[in-house]
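Engineer: Pasting a structure here, questions to come.
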Amino acid sequence: MLPTKSNIHEHCLQELKNRLQSANEAMASLRESVAADTKSSMGDKYETAREMAQQEQNKIGMQISMLQQWRGIFARIQSTQTHSIAGIGALIQTQNGTFYLAAPMGKVVVDGSDIMVISPQSPAGKAMLGKQCGDSFELNGNVFQIESVS
């Protein structure tokens, strides 16, 4: 049995919270590591390590920013709202899988069901937008039949 849209939505919010917490912990750990490093007599080695740490901080910072943007998208979605046409916040069931149009989180497993959480700007999202139950769309040479939109 397919989980409810509200359950999927809550699962995604919890997953985002967990990912943000991990990223923030990694950033804090990296900052502590950089602060603990003392300049040795081997200046070039120190500078290289410091530059690598800075690059890693930048990478984690971008990840945190992206996760916060996704959290903002989910905050604007009313998971109890029902949809008859595929758009942001819609849960779309096809013969080939279930899609939740929100943010590009990828596959999540909710109550034993695989749900593809995708962005409306993704190729699959764009192909689904505006479609309703009974419509079909093509993606990568495959035809998907929409069985339900909620």
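We did not get these values from a lab; they are worked out from the coordinates using the rules stated. Worth saying up front: this structure is predicted, and the values here are computed from it rather than measured. So basically every Cβ, Gly included, is an ideal-geometry build from the backbone, and we count neighbours across all protein chains shown.
Engineer: Where the centre of each part is set by its Cα atoms, how far does segment 81-126 sit from segment 132-150, in angstrom?
Structural biologist: 12 Å
Engineer: Relative contact order (percent) for the chain, with alpha-carbon contacts under 8 angstrom and 6 or more residues of separation?
Structural biologist: Reported relative contact order: 22 percent.
Engineer: Ok, one more. Check the straight Cα-Cα distances from Lys59 and name the aspartates and glutamates below 18 Å, setting aside those fewer than 8 residues away within the same chain.
Structural biologist: Glu25, Glu32, Glu51
Engineer: A follow-up question, please. Can you run phi through the Karplus equation (6.51, -1.76, 1.60; θ = phi - 60°) for segment 142-150 and list ³J(HN,Hα) in whole Hz, with x for Gly and Pro?
Structural biologist: 9, 9, 10, 9, 7, 8, 7, 10, 9
Engineer: Further question: Which of Gly87, Gly97, Gly134 ends up with the largest GNM mean-square fluctuation for the chain, with Cα atoms connected below 10 Å?
Structural biologist: Ranking Gly87, Gly97, Gly134 by mean-square fluctuation puts Gly134 first.
Engineer: Any idea what the dipole of segment 91-149 comes to, in debye rounded to 20, about its Cα centre with Lys/Arg Cβ at +1 and Asp/Glu Cβ at -1?
Structural biologist: Computed about the Cα centre, the dipole is about 180 debye.
Engineer: For segment 91-149, what Kirkwood radius comes out of the mean inverse Cα-Cα distance, in Å?
Structural biologist: 11.4 Å
Engineer: Now for a different question. Expressed as an acute angle from 0 to 90° and rounded to the nearest 10, what is the orientation of the C-alpha long axis of helix 43-76 relative to the principal long axis of the chain?
Structural biologist: Value to nearest ten degrees: 30.
Engineer: With axes computed from alpha carbons, what is the tilt in degrees of helix 5-36 against the longest principal axis of the chain, rounded to the nearest 10 within 0 to 90?
Structural biologist: 10 degrees
Engineer: Of all beta bridges DSSP finds with both residues in segment 81-129, what is the antiparallel percent, to the nearest 5?
Structural biologist: Of all bridge pairs located within segment 81-129, approximately 70 percent are antiparallel.
Engineer: How compact and how long is the chain, expressed as Rg and Dmax of its alpha-carbon atoms in Å?
Structural biologist: Looking at the chain, its Cα Rg and Dmax stand at 20.6, 71 Å.
Engineer: Positive end of the dipole of the chain, charges at C-beta (+1 Lys, Arg; -1 Asp, Glu), about the Cα centre: which of Ala23, Ser6, Gly72 has its Cα farthest in that direction?
Structural biologist: Going by the charge dipole, the pick is Gly72.
Engineer: Please report, in debye to the nearest 20, how large the charge dipole of segment 1-113 is about its Cα centre when each Lys and Arg carries +1 at its beta carbon and each Asp and Glu carries -1 there.
Structural biologist: Computed charge dipole of segment 1-113: roughly 280 debye.
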